[in-house]
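Here's the structure we're looking at; comments come further down.
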Amino acid sequence: MVRTAIQLFTLKDLDELTWELVSRVGQTSFDGVEMYKADFDAFEADDGIERTKQALTTGSLEVCSAHARAETIEEEFDDIVAACEAVGISRLVIPTYDGVAFETLEGIETAADRLGAIADSLAEYDIDLLYHNHTFEFGTVTGEDGPEVAFEVFVDRADGRFGFQPDVGLATHAGYDALKLLDVVSGQAPLVHLTDTVPDDDYLLHADVGTGAVDVDACAERAVKNGAEWLICENGRTDDAVASLEHGSEAFAELRSRVGDLSDSQ
């Protein structure tokens, strides 16, 4: 059965500690949470890790993954690994990258090699590395046979050294077909950001699922058929974090019910 989670960045505007946010999620139908670097910083507070672990247990939640930038993992490697081990995080996700790198083949190859090296280091601790797309990766670069989509080149250059966390809303905002994105990373994307967007509105880069242009049902079905284990909710542009949490919980519970049997048949 595919599981659902919410990226805690959705709740960033709430004046609450990490364990309090986890407790709040535990009162919804989500199966897990996805953390980001600010959550790791919060662990440094007194009893931060223990309170978070208790909130996860009480809410019957798992940490499906956590976001951390490449430079953060490189510069704070030991601390990041320790935090992952403390709360049971087995997947780290690079949430974005320097967009300039995706403007040339050389830049893409350098980025893929860098993430490959990080993935090798994390593998020693049984932590997998994934890459989460934004919008800039869907421009074109000049290849030997003419223009190519930068993200497609990047997946090819990754050559299985690390996986992917496709964000269907951001790809849609960039004008790239969300279902094609899921197919491009098929078998390499255990986590999918099932987000929505309003393409003509830069502020609504993310929107609550069902309120934008993404065919969420079709994306959920394709994601699960292609091997997704987690469908993750995020609205980093919400003006009402609590409402987005409640809306996401209901919407993703319905999605899980509709597509869950597909994962059982894989």
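The values are calculated or read from the model by the stated rules, or taken from the named source; none is laboratory data. From a predicted model like this one, the values you see are computed outputs, not experimental measurements. We place every Cβ from the backbone using ideal geometry, glycine too, and count neighbours over all the protein chains shown. With ligands, DNA and RNA removed, areas are computed over all heavy atoms of the protein, side chains included. Shrake-Rupley method; radii C 1.70, N 1.55, O 1.52, S 1.80 Å.
Points to keep in mind about this one:
- Among the residues making up segment 56-78, those that are closer than 15 Å to residue 118 by Cα and more than 18 Å from the chain's Cα centre (by Cα) are 74, 75, 76, 77, 78.
- Under the condition of being at pLDDT 95 or above and either aromatic (Phe, Trp, Tyr) or part of a loop (DSSP other than H, G, I, E, B) (or both), the residues counted in segment 118-144 number 11.
- Filter result for residue 106 (more than 18 Å from the chain's Cα centre (by Cα) and at pLDDT below 95): no
- Residue count for segment 21-74, restricted to those that are of a type in the set (A, V, I, L, M) and either part of a loop (DSSP other than H, G, I, E, B) or open to solvent by 70 Å² or more (accessible area, probe 1.4 Å) (or both): 3
- The lone exception for residue 101 - which of (1) farther than 15 Å from residue 233 by Cα; (2) touching an Asp or Glu at 6+ places or on another chain (Cβ under 9 Å); (3) modelled with pLDDT of 95 or more it fails: (2)
Results for (1) of a type in the set (Ser, Thr, Tyr); (2) closer than 19 Å to residue 137 by Cβ, shown as yes or no for each residue.
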residue: 48; (1), (2): no, no
residue: 55; (1), (2): no, no
residue: 60; (1), (2): yes, no
residue: 77; (1), (2): no, no
residue: 98; (1), (2): no, yes
residue: 115; (1), (2): no, yes
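- Spans of helices (runs of 4 or more DSSP H) in segment 162-255 with at least 1 residues surrounded by fewer than 24 Cβ atoms within 10 Å (Cβ to Cβ): 178-184, 216-225
- Residue-level check: of (1) assigned to a loop (DSSP other than H, G, I, E, B); (2) under 17 Å from residue 241 (Cα atoms); (3) open to solvent by 40 Å² or more (accessible area, probe 1.4 Å); (4) in contact (Cβ under 8 Å) with a residue 60 or more places away in the chain, residue 1 misses just (2).
- Residue check for residue 119: among the aliphatic types (A, V, I, L, M), open to solvent by less than 50 Å² (accessible area, probe 1.4 Å), free of Cβ contacts under 8 Å to residues at least 60 places away in the same chain and touching a Lys or Arg at 6+ places or on another chain (Cβ under 8 Å): yes
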